[in-house]
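Got a structure here, written out as structure tokens. Questions coming.
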Amino acid sequence: MITRRDFISRASAAFAAGMVAPALIKDSDILAKAIGAGRKSKSVSVNDKINVGLIGCRSMGWGDLACFMTHPDVDCVALCDIDRNVLESRAGDMEKMRGSRPALYGDYRKLLDRKDIDAVVIGTPDHWHCLQMTDACAAGKDVYVEKPVANSIAECDAMVAAARRYGRVVQAGQQQRSGAIWHKMKKYIDSGKLGRISRVNVWANFNYAAILNPVPDTPVPEGVDFEMWLGPAPERTFNPKRFHGSWRMFWDYGGGLVTDWGVHLLDMALWGMNVKGMPKRVFATGGNFTYPDNYAETFDTLSVIYEFEDFLIQWSNVSIESGPYGKCYGLEFKGTNGTLVANREGWEVIPEQQRIEAETCQPDNLDRENHVSNFLDCMRRRDADTACTIENGSFCAKYAHIGNVSARVGEPLTYDDARKTFHDRRADRLITPEYRKPWKFPKF
Ligand SMILES: NC(=O)c1ccc[n+]([C@@H]2O[C@H](COP(=O)([O-])OP(=O)(O)OC[C@H]3O[C@@H](n4cnc5c(N)ncnc54)[C@H](O)[C@@H]3O)[C@@H](O)[C@H]2O)c1
């Protein structure tokens, strides 16, 4: 996979060496076209104030926006949510924070029509990310889109295509990419001190994967535009357990723990191991084994093995909140000289038979703030090479999705990313979601 980061570093290496190979001219041409070539709205420059709009205001979207608001040169001019209760409450919060109420919308397309908005933050459920992000790109906005960037493999590809076609700066909300401890971890792994790494174990054990005590469908709550919440997902009646917050455990809207936490942690595993393409094979199995009466469709118990030439990456989740090294989530790189164990609370190296020194690293807990600052800096510089590009967000989301696909069809699979097929009819049906009319799957 060639990312725009690769384009930039290859093009600058050639430039520094005083030679520009024809292939690189082509790559950098694409880059030059990609950056600052938005069609409908102007792109910000160094001294401009940046106007942002938030789509999906309840939890993470609001948390992201709060980081944007720590920058005095950023204004929030519009909020959009399909739940009037959330919208009014966030408008009040914004008024307290900044002294004025932003414009309020129930339909994100109206927000995107505004010419004065430079960037949007997308904090909606996963099944909405692709349409909202690609529409935002087409409207000439830069985009901070929450993770997992999409709820399917084909949507990941569409989002990369949209960012390139419309020349937008995009940050995927995998904030660990802006965390100092993770960069130090990567440097440590790259030093080779761990020796030969044969396995990376990744786990996230959270009980919110279990949706217990189901309730019957109910009338749609006052103030909620449920039709607009469902959007491209299949028609159904309202159920409070498939709505705010818990939607991530139902296939039409999310992918369970492996897409929720997996994209953060698998990203670190793939980055640490310098993985650039799809694995040779993926083997996965799972079910609702911890709680057989779990109302969730996604699995409260799941194991995924990603097979590479000379190492394995293994994902696992269970809904019991404990795990290896006393951590309910994290990852460990197992090398011949030692094991590096990491999560957001820090990392440590545990030597194997004193072959290397023990080491520890503590976090500064500024990942999200740094991630937002990086996005704003990239917007001003018209630099598509954000800390977590849409290419990278898509790459990790695909890893999470192929694990789910393998578990859902119950087969080991090989995903051919060039031909967009698993060479398995049942698995291939899970690559592209069928959008409910009138929504159309975006094509570029
Ligand atoms: N980066 C992180 O660490 C992190 C942490 C938590 C959540 N997230 C991600 O943030 C996203 C949102 O998760 P959440 O926990 O905040 O969900 P949530 O259900 O709490 O909030 C989603 C909001 O989007 C609104 N919404 C739904 N459809 C909409 C539409 N068509 N237009 C406008 N608003 C709409 C809902 O009404 C709700 O207010 C998810 O993709 C999730 O994976 C990221």
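Write down, largest first, the equivalent ellipsoid semi-axes of the stretch 72-129 in whole Å, where each equals the square root of 5 times an eigenvalue of the alpha-carbon gyration tensor. Display every interim value, and only then the final one.
Numbers: eigenvalues 65, 45, 22 Å².
After diagonalising the Cα gyration tensor, the semi-axes are 18, 15, 11 Å.
When we measure straight from the Cα of Lys443, which lysines land under 28 angstrom away, once same-chain ones fewer than 8 places off are left out?
Result set, ordered by chain and number: Lys26, Lys33, Lys40, Lys42, Lys110, Lys115, Lys141, Lys147, Lys276, Lys398, Lys420.
Given H placed 1.01 Å from N in the peptide plane, which residues other than close sequence neighbours of Cys76 have an amide H under 5 Å from its amide H?
Sorted by chain and number, the residues that satisfy this are Val52.
Further question: With runs of 4+ DSSP H residues as the only contributors, calculate the mean residue ellipticity of the chain at 222 nm using -39,500 (n - 2.57) per run, divided by the residue total and rounded to the nearest 500. Please report the intermediate quantities before stating the final value.
Values: 14 runs with 153 residues, N = 444.
Rounded to the nearest 500, the figure is -10500 deg cm²/dmol.
May I pose another question? I'd like to check one number: the per residue accessible area of the stretch 112-254, probe 1.4 Å, reported in Å² as a whole number. Don't jump to the answer; show the numbers that get you there.
Working: 4460 Å² over 143 residues.
Accessible area per residue: 31 Å².
In whole Å, largest first, what are the principal axis extents of the Cα atoms in the chain?
Per principal axis, max minus min of the Cα coordinates gives 65, 62, 45 Å.
For the stretch 246-335, run through the trypsin sites (Lys or Arg not before Pro) and keep only the ones in DSSP coil with at most 15 other Cβ atoms within 10 Å of their Cβ. Before the final figure, lay out each step's value.
Numbers: sites: Arg248, Lys276, Lys280, Arg281, Lys327, Lys334; in loops: Lys276, Lys280, Lys327.
Those that pass, being in a loop and sparsely packed, are Lys276, Lys280.
Starting from the Cα of Arg426, step 7 Å along the direction of its Cβ; do the same at His183; then give the gap between the two resulting points in nm.
Output for this residue pair reads 4.6 nm.
Need one number: % antiparallel among DSSP beta bridges in the chain, to the nearest 5.
Values: 37 of 62 bridges.
So the antiparallel bridges amount to about 60 percent of the total.
A further question follows. Find the all-direction average of the projected area of the Cα convex hull for the stretch 353-443, expressing the result in square nanometres with one decimal place. The partial results should precede the final answer.
On the way: hull surface 48.0 nm².
If I average the Cα hull's projected area over directions, I get 12.0 nm².
Considering only protein heavy atoms and a probe of 1.4 Å, how much of the accessible area of the chain is carbon and sulfur, as a whole percent?
Working: 9630 of 18550 Å².
Here it works out to 52 percent.
The values are calculated or read from the model by the stated rules, or taken from the named source; none is laboratory data. The structure displayed is predicted, hence computed values, not measured ones. Every residue, glycine as well, gets a Cβ built from its backbone with ideal geometry; the counts of neighbours run over all protein chains shown. Please note that ligands, DNA and RNA were not included when accessible areas were found on the heavy atoms of the full protein model with its side chains. Shrake-Rupley method; radii C 1.70, N 1.55, O 1.52, S 1.80 Å.
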